[in-house]
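The values are calculated or read from the model by the stated rules, or taken from the named source; none is laboratory data. Nothing here was measured: the structure is a model prediction, and the numbers come from that model. FYI the Cβ positions are ideal-geometry reconstructions off the backbone, even for glycines, and counts take in every protein chain you see. Ligands, DNA and RNA are excluded from the accessible area calculation, which covers all protein heavy atoms including side chains. Shrake-Rupley method; radii C 1.70, N 1.55, O 1.52, S 1.80 Å.
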Amino acid sequence: MDSTILAAIIGIVALLIGIFLGKMIFAKNTQKQVEDAERQAKKLLDDAKTLADTLKEKKVLEAKEHFLQLKSEHDKDVQQRTQKLADAEGKVKQQQQGLNDKTGALQKQMQENDAVRANLDRQLEVVNIKRTELERHQEEHIKRLEKVAGLSAEQAKAELMEAVKEEARTRAMAHVKEIMEEAKVNATKEAKKIIIQTIQRTGAEQTIENAITVFNLESDEIKGQIIGREGRNIRALEAATGVDLVIDDTPEAIVLSCFDPFRREVARLSLQRLVQDGRIHPARIEEVVEKTKKQLEEQVMEIGERTIIELGVHGLHKDLVRMVGKMRFRSSYGQNLLMHSKETANLCAIMAAELGLGQKVVKLAKRAGLLHDIGKVPDEETELSHALLGAKLAEKAGEHASIVNAIGAHHDEMEMTYIISPIVQACDAISGARPGARREMMQSYLQRIKDLESLAMAYTGVEKAYAIQAGRELRVIVEADKVSDADSDKLSFEIADKIQKEMQYPGQVKVTVIRELRSVNIAR
């Protein structure tokens, strides 16, 4: 028991001693840290003070330098202003001195003028006296001459004036004739120069006698589908479009032959759509052809709009825009009508500019050149020539009077009343007469084909007439309710007989009359 208590006491005493020693050590360490912190704080304060002194001295130096710089600039500015004032004062003094000198000179000149004026007055008095004496002597001289010549002064003067007038008239006539001859030579030379410059500044393509379109196929297997059973598909396509389809041994190609580019384009687009769709039969062919014709009408408007944008012609009536687009599918002597009209428009603008007629006249000339052949693409056939019909259409569309006159007069069917009319006529001739522009044989062939179709369309009951096989066959489609089977035979004979009597053609022309009756009802 006593040993346990003693051990406890010893432990407590040891614990107390340990606590005391720990406090002593902790206090010593704490005091050391405090001293270190005080030394660091003092050092930081010293460094801060040193830095502040350094910055203060630097700022003071910068302020002094800035003050010296400002003072120097101020002194320089003051010196410049002082110099300007001195210069201005010197100029003022010089001007004042100059004014003083001029004033003195003017006073001196006035004095001299007074003396001169007095001298002139004296001389004028002397001249008046001399003039009076001269007039008196002249009257005496005239009286003596009248006595010698036996004529009065008025009579002599009249004879002299008449002689002088006759001489002046003769010389003037000779001078005028010389000027007119020179003007004619120069005018001819200038006209040739302007036309040559106009032609050289316009590049145009050459025409191609082309009446076929080649339709390319991906493979020859599709040819059978296009022909159809016993050729019914190809017959339906030819009847719907009026285009002759030539399917031969040419690999992966079908030839579309027709004189009318519009029909060829309808046939090409229809055939392309049918081949892509894969369904090729007569009913589908007729449906596609009708859709293609409507689509091509929209394309005609797009072509017209692109053309007027390209040429910079604005504000054109939509009917005229459509006619411009239709020119793309017409030709004149083998020359594409749209290309001819665009070429003529550019030629007119260049020629008007070369003549120096002003920007407004240049624009009118270009517009008239583009529209001069719109009478060749009318919606309805008339008895008027294409020039007069074009003028009528332009007037109806509200075009300027000068443009209407230029269109109607470009073939001398109207009197030219505006400056652009002869320009359009000349440029139309330039475009059509240049080498490579037209082919006479092609135009005569196309005219014969058109006459062949027109001859058949003149008969009652004829719905469509297509000249195919290069004009060797005329296919006539009649209305079933107006033409019977017996009438079909008679019509075929009459058309063939009329062709034989009235037309000239190589070889023979086969006339085929097609009569088809369709009864359509819809089950609802």
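Among the candidates A523, A496, which residue alone is modelled with pLDDT of 80 or more and in contact with a strand residue (DSSP E or B) (Cβ under 7 Å, 6 or more places away or on another chain)?
The conditions single out A496.
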Inset, instruction - Kindly indicate whether any position in segment 262-276 is without any contact (Cβ under 8 Å) to a residue 12 or more places away in the chain and open to solvent by 60 Å² or more (accessible area, probe 1.4 Å). - result: yes
Inset, instruction - Please go through segment 329-350 and pick out each residue that is over 22 Å from V266 (Cβ atoms) and either β-branched (V, I, T) or open to solvent by 40 Å² or more (accessible area, probe 1.4 Å) (or both). - result: Y333, T344, N346, I350
Inset, instruction - Check every one of the helices (runs of 4 or more DSSP H) wholly within segment 351-431 and list those with 3 or more residues that are within 18 Å of K326 (Cβ to Cβ), open to solvent by less than 60 Å² (accessible area, probe 1.4 Å) and not polar (S, T, N, Q). - result: 359-371, 386-396
Legend entry - helices (runs of 4 or more DSSP H) wholly inside segment 219-299 containing at least 1 residues that are of a type in the set (D, E) and under 40 Å from the mean Cα position of the chain (by Cα): 261-277
Inset, instruction - Check segment 502-515 and report whether any residue there is over 43 Å from the mean Cα position of the chain (by Cα), more than 28 Å from V255 (Cα to Cα), acidic (D, E) and in a helix (DSSP H, G or I). - result: yes
Inset, instruction - Go through segment 301-319 and give me each residue that's in a helix (DSSP H, G or I) and surrounded by fewer than 22 Cβ atoms within 10 Å (Cβ to Cβ). - result: M301, E302, I303, E305, R306, T307, I308, I309, E310, L311, K318, D319
Inset, instruction - Select from segment 229-258 the residues that are of a type in the set (S, T, Y) and under 15 Å from A467 (Cα atoms) and write down the one among them that is modelled with the highest pLDDT. - result: T241
Inset, instruction - Test K326 against the criterion of being closer than 30 Å to E238 by Cα and buried (at least 16 other Cβ atoms within 10 Å of the Cβ), and give yes or no. - result: yes
Legend entry - Residues within segment 461-497 that are open to solvent by less than 30 Å² (accessible area, probe 1.4 Å) and part of a loop (DSSP other than H, G, I, E, B), tallied: 3
